[in-house]
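> Here it is, the structure in full.
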Amino acid sequence: MGFVNCELKENVAIVTINRPEALNALNSQVLDDLEATFDAIDTGVVRAVVLTGAGEKSFVAGADIGEMSTLTKAEGEAFGKKGNDIFRKIEQFPVPVIAAVNGFALGGGCEISMSCDIRICSENAMFGQPEVGLGITPGFGGTQRLARLIGAGMAKQLIYTARNIKADEALRIGLVNAVYPQEELMAAAEKMASQIAASAPIAVRACKKAINDGLQTDIDEAIVIEEKLFGSCFETEDQKEGMANFLRKKDDPAKVKVVAFKNG
Ligand code: CO8
């Protein structure tokens, strides 16, 4: 599809933002293609998504500065909403999304990575919110998600100074979970996605919802969210089979088997 490719590898979808001539910068068309791609993913089959950028230089170098340069106040707000709606869709996507950050993740690029569940990156990755250097604020969720991920103090420092950081610093402050040589990044992302895909899918979805929804509320409500989602797992085939397998193992270790969880 246009600026976004989607490849299915068993239960894992690999979504690639493909505008390398502009370092995968997000213009309106890329955002539309991204939304259509996520809408088209069959979550009855797909159990994890890997999001990356085409080429070896850039994940996403930001929102398209040329397109933004002439926006009016109202158009700027509408463009911010367009990006935010799509990034929120990714954040709330029923199955986990891993950002495989293969280079620049600046402005909207850092922001889209933060709407994913997990970030891993290559050694040449560079993260940052350079917007104040362009006379704007981070407008695709950066002022909100960066503070939630790495704490308000560090987020404010990075945003106010517009300083870009390399992979090792991103790892140190908890913005990414791991750093790999460029040539190993996609294999690592796909391996992690396959591990997620091998887990009980209803339980994984419930975990994502419990963590995301729980983080938006106080601990008392959050615990109730967890209880309800925990309860919803019982009487699924996966719960019955997962627990029966454990009990079989205890009874006779020779009966151990790898459970092929279904979507049920
Ligand atoms: N927008 C448009 N085009 C871009 C962008 C971008 N963000 N980034 C790179 N490109 C284009 C360049 O213009 C260039 O095109 P051309 O070959 O036609 O001149 C091509 O990609 C290659 O880029 P460079 O030649 O600049 O490559 P370098 O290796 O020299 O530099 C950099 C790479 C450092 C990444 C450099 O391109 C750069 O600084 N890019 C801009 C990074 C940036 O500031 N990103 C933040 C943008 S603002 C943002 O994302 C706001 C999000 C919220 C929006 C809310 C809306 C209301």
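> Looking only at the range 52-69, how many residues end up being more than 6 Å from the ligand (Cβ to nearest atom) and either open to solvent by less than 20 Å² (accessible area, probe 1.4 Å) or closer than 17 Å to A125 by Cα (or both)?
9
> For the range 189-199, state whether one or more residues are free of Cβ contacts under 8 Å to residues at least 60 places away in the same chain and in contact with a Gly (Cβ under 8 Å, 6 or more places away or on another chain).
Among the residues of the range 189-199, not one is free of Cβ contacts under 8 Å to residues at least 60 places away in the same chain and in contact with a Gly (Cβ under 8 Å, 6 or more places away or on another chain), which makes the answer no.
> Could you tell me whether any residue of the range 118-125 is open to solvent by 30 Å² or more (accessible area, probe 1.4 Å), assigned to a helix (DSSP H, G or I) and more than 10 Å from the ligand (Cβ to nearest atom)?
no
> Report, by residue number, each residue of the range 182-209 that is surrounded by fewer than 15 Cβ atoms within 10 Å (Cβ to Cβ) and under 20 Å from the mean Cα position of the chain (by Cα).
Matches in the range 182-209: E184, A187, K191, Q195.
> Moving to a separate point now. Out of the residues in the range 1-38 meeting the condition of being away from the ligand (no atom under 16 Å from the Cβ) and of a type in the set (S, T, N, Q), tell me which one is least open to solvent (accessible area, probe 1.4 Å).
T37
> Please find, among D220, D252, the residue that is over 25 Å from V97 (Cα atoms), open to solvent by 100 Å² or more (accessible area, probe 1.4 Å) and either in contact with a strand residue (DSSP E or B) (Cβ under 6 Å, 6 or more places away or on another chain) or not polar (S, T, N, Q) (or both).
Exactly one of D220, D252 is over 25 Å from V97 (Cα atoms), open to solvent by 100 Å² or more (accessible area, probe 1.4 Å) and either in contact with a strand residue (DSSP E or B) (Cβ under 6 Å, 6 or more places away or on another chain) or not polar (S, T, N, Q) (or both), namely D220.
> Still on this structure, please answer the following. Cβ-Cβ under 6 Å, sequence separation 6+ or interchain: first residue in the range 129-144 and within 8 Å of the ligand (Cβ to nearest atom), partner at pLDDT 95 or above and open to solvent by 70 Å² or more (accessible area, probe 1.4 Å). Which pairs?
E131/T137
The values are calculated or read from the model by the stated rules, or taken from the named source; none is laboratory data. Please read all numbers here as calculations on a predicted model, not as lab measurements. Ideal geometry is used to build each Cβ from the backbone, glycine not excepted, and the neighbour counts take in all protein chains shown. Accessible surface is based on the protein model in full, side chains and every heavy atom, while ligands, DNA and RNA are left aside. Shrake-Rupley method; radii C 1.70, N 1.55, O 1.52, S 1.80 Å.
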